[in-house]
Amino acid sequence: MPGIAIIGAQWGDEGKGKVTDLLAEHAEMIVRFQGGNNAGHTIVRDGEEFKFHLIPSGILYSEKTCVIGNGVVLDPRILLAEIDGLKRRGIDVGNLKVSANAHLIMPYHVLLDTAGEVKLGKYSIGTTRRGIGPCYADKALRIGIRVQDLLDEKILRTKIRAALAFKQQALRELSVRRRKLRREAGEEGEDSPDPRLDLHTMTEEHVSFGHRLEPHIADTARLCWDALDAGQTVVFEGAQATLLDLDHGTYPFVTSSNPIAGAATIGAGVGPTDIDEVWGVAKAYATRVGAGPFPTELEDDVGRQMLERGQEYGTTTGRERRCGWLDLVALRYAVRLNGMTALTITKLDVLKGIDPLRVAVRYRSREGALLDHFPYHQSILHGAAPEYEELPGFDADLGACRSESDLPREARDYLDFIADFVGVPIDLVGVGPGREQVVWRD
Ligand code: GDP
């Protein structure tokens, strides 16, 4: 299986980092193909915790090539901080390659992201405010700045100037608001322009980022082709997840890129036939961060147990995640959208002691219609009430289970029910945060 994509099958935070880490051990190359530093994977290795926002999880293996593909948007300041942090912990980052075509998150993207959310008020999307959406928007507008631009000061300055010209109106509004806030806070002194938006400062700073990143900048599509042509295993590591997909997720409460498997081709520069396997990762329950529809959400003690026992707090933001029952209507949708060949179920251990367990098998619309498929219409999804199948729970601690026969019968039945319902095998089950806390089923 030379090309394998690992995809979030729910609303993110499914534990893709750990699955990628396990597969990376048997791969030569790990590639991120979309999203930005809003990802946030956590990997526990020998009791030590590593958090990644941008760099592919495979970086802990010094001999593997880790690629940030052209489909990723990256904040150079954050990438360099992540590189420095890893170096300080003795991790070799020599094999990190960054696509020359990846787009850069500039200071104005971050400012406009926050301003956009504030402006939307109660309709805000719940973005991580890291400038990712505005950066993708500029890419589509053809006024983006790319990694390769960091290596030519003249081009860089011209492109920043052009991009700023497009944003004058929005940036002016921002500075008016800033002035108002200063006045309201009783702050004295002259209003000075935001130094982060000064053309000269921004150019100088980014030229220096370019010097530091230069050893990592590469034609990463070619690197992927060479690896695939040599029969090496390449893992395409998805960030965020299917239900947050810009086209197929719960728009507008979605991310600004396409996290589904098909996007690996665009974001890495490989062909659809280069992807041999698609592994979806889902939790044994469901969580969601930020706003947007979440039919199986629980606001009771069971939800609280999932939150606390599952440590459902965002890696990047620390935000509490919303928790609920596993939604098989949504999961089956994710299986189809991604062309999944296998499923990994993580965090089965978290469900210990919850009896009965419930899984959503269909929705009922506000008008009383039964819905077997994930509704394409936002209003229907907002009003959809899940109908559940009840399954017996288990009381055992699963942390030490390493083979299928170690799992209690109820846990196995739960997994079988899921696999039958969505129509793909469950090959891997997570029974704890540790790397070794997994059960391979096939
Ligand atoms: P990702 O963004 O999809 O990689 O997910 P996160 O890294 O944000 O969340 C995964 C969290 O769950 C991490 O803290 C992992 O250590 C933890 N985790 C992963 N698999 C399991 C599991 O099977 N059981 C438990 N209890 N925790 C897990």
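Checked against the criterion of being within 21 Å of the chain's Cα centre (by Cα), farther than 23 Å from residue 128 by Cβ and within 16 Å of the ligand (Cβ to nearest atom), the range 325-337 contains one or more residues that satisfy it. Scanning the range 303-326 for residues that are open to solvent by 10 Å² or more (accessible area, probe 1.4 Å) and not in a helix (DSSP H, G or I) gives 311, 313, 314, 315, 316, 317, 318, 319, 320, 321, 322, 325. Of everything in the range 344-353 that is open to solvent by 10 Å² or more (accessible area, probe 1.4 Å) and either in a loop (DSSP other than H, G, I, E, B) or farther than 24 Å from residue 253 by Cβ (or both), the residue that is farthest from the ligand (Cβ to nearest atom) is 353.
Of all residues assigned to the range 361-369, at least one qualifies as being on the phi > 0 side of the Ramachandran plot and either at pLDDT below 95 or of a type in the set (A, V, I, L, M) (or both). Being part of a loop (DSSP other than H, G, I, E, B), within 12 Å of the ligand (Cβ to nearest atom) and open to solvent by 20 Å² or more (accessible area, probe 1.4 Å) is a condition met by at least one residue of the range 280-292.
If you go through the range 254-267 and keep only what is of a type outside the set (Val, Ile, Thr) and either touching a helix residue (DSSP H, G or I) at 6+ places or on another chain (Cβ under 6 Å) or surrounded by 21 or more Cβ atoms within 10 Å (Cβ to Cβ) (or both), you end up with 256, 257, 258, 259, 261, 263, 264, 267. Of the strands (runs of 3 or more DSSP E) entirely within the range 366-442, those holding at least 2 residues that are closer than 29 Å to residue 57 by Cα occupy 426-430, 438-440. One residue stands out in the range 420-442 among those that are open to solvent by 20 Å² or more (accessible area, probe 1.4 Å) and away from the ligand (no atom under 16 Å from the Cβ): the one that is nearest to residue 402 (Cα to Cα), namely 442. Of the helices (runs of 4 or more DSSP H) that lie entirely inside the range 11-122, those containing 2 or more residues that are away from the ligand (no atom under 15 Å from the Cβ) and either touching a residue at least 40 places away in the same chain (Cβ under 8 Å) or open to solvent by less than 40 Å² (accessible area, probe 1.4 Å) (or both) span 76-88, 107-120.
The values are calculated or read from the model by the stated rules, or taken from the named source; none is laboratory data. Because the structure is predicted, anything quoted here is derived from the model rather than measured. Virtual Cβ from ideal backbone geometry, glycine too; neighbours counted across all protein chains shown. Remember, those area values only see protein heavy atoms, side chains included, never the ligands or the DNA or RNA. Shrake-Rupley method; radii C 1.70, N 1.55, O 1.52, S 1.80 Å.
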